[in-house]
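Novice: Quick one: structure below, then a few questions.
The values are calculated or read from the model by the stated rules, or taken from the named source; none is laboratory data. Every value quoted in this text rests on a predicted model; they were computed, and no experiment measured them. Neighbour counts are summed over all protein chains in view; Cβ atoms, including those assigned to glycine, are modelled from backbone coordinates with ideal geometry.
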Amino acid sequence: MGAAATFTVKEIPGEIHETLKRIAEQNGQSLNSYVLSILTSTAEERNRRVRMREGRNDYAKFLANLPQVSNSVDILREGRD
């Protein structure tokens, strides 16, 4: 993890600001720590979705590279004989 960064969010509508402050207070958090937790969980969720998409793509490539089987019933029967 890199060094912590600081940035400013401008023009937050008053209603949103008050809602965030209220929720932070109800959770026993500062506004900063509450907003940071929202940003963190949003970024983590995005990263999780990217990893899942990549995993699905890798799985699709894996399936595409499997040998083609015309009839699995015949293979199962061969295994029993």
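Novice: With outside any loop (DSSP other than H, G, I, E, B), within 23 Å of the chain's Cα centre (by Cα) and without any contact (Cβ under 8 Å) to a residue 24 or more places away in the chain as the only criterion, which of ILE38, ILE16, ILE23, ILE75 stands out?
Specialist: Checking each option against the conditions leaves just ILE38.
Novice: On to the next question. Checking VAL69 against (1) exposed (fewer than 11 other Cβ atoms within 10 Å of the Cβ); (2) touching a helix residue (DSSP H, G or I) at 6+ places or on another chain (Cβ under 8 Å); (3) at pLDDT 95 or above; (4) not basic (Lys, Arg), which test does it fail?
Specialist: With respect to (1) exposed (fewer than 11 other Cβ atoms within 10 Å of the Cβ); (2) touching a helix residue (DSSP H, G or I) at 6+ places or on another chain (Cβ under 8 Å); (3) at pLDDT 95 or above; (4) not basic (Lys, Arg), VAL69 is out only on (3).
Novice: So which residues in the stretch 33-65 are surrounded by 10 or more Cβ atoms within 10 Å (Cβ to Cβ) and among the polar types (S, T, N, Q), if there are any at all?
Specialist: SER33, SER37, THR40, SER41, THR42, ASN47, ASN57
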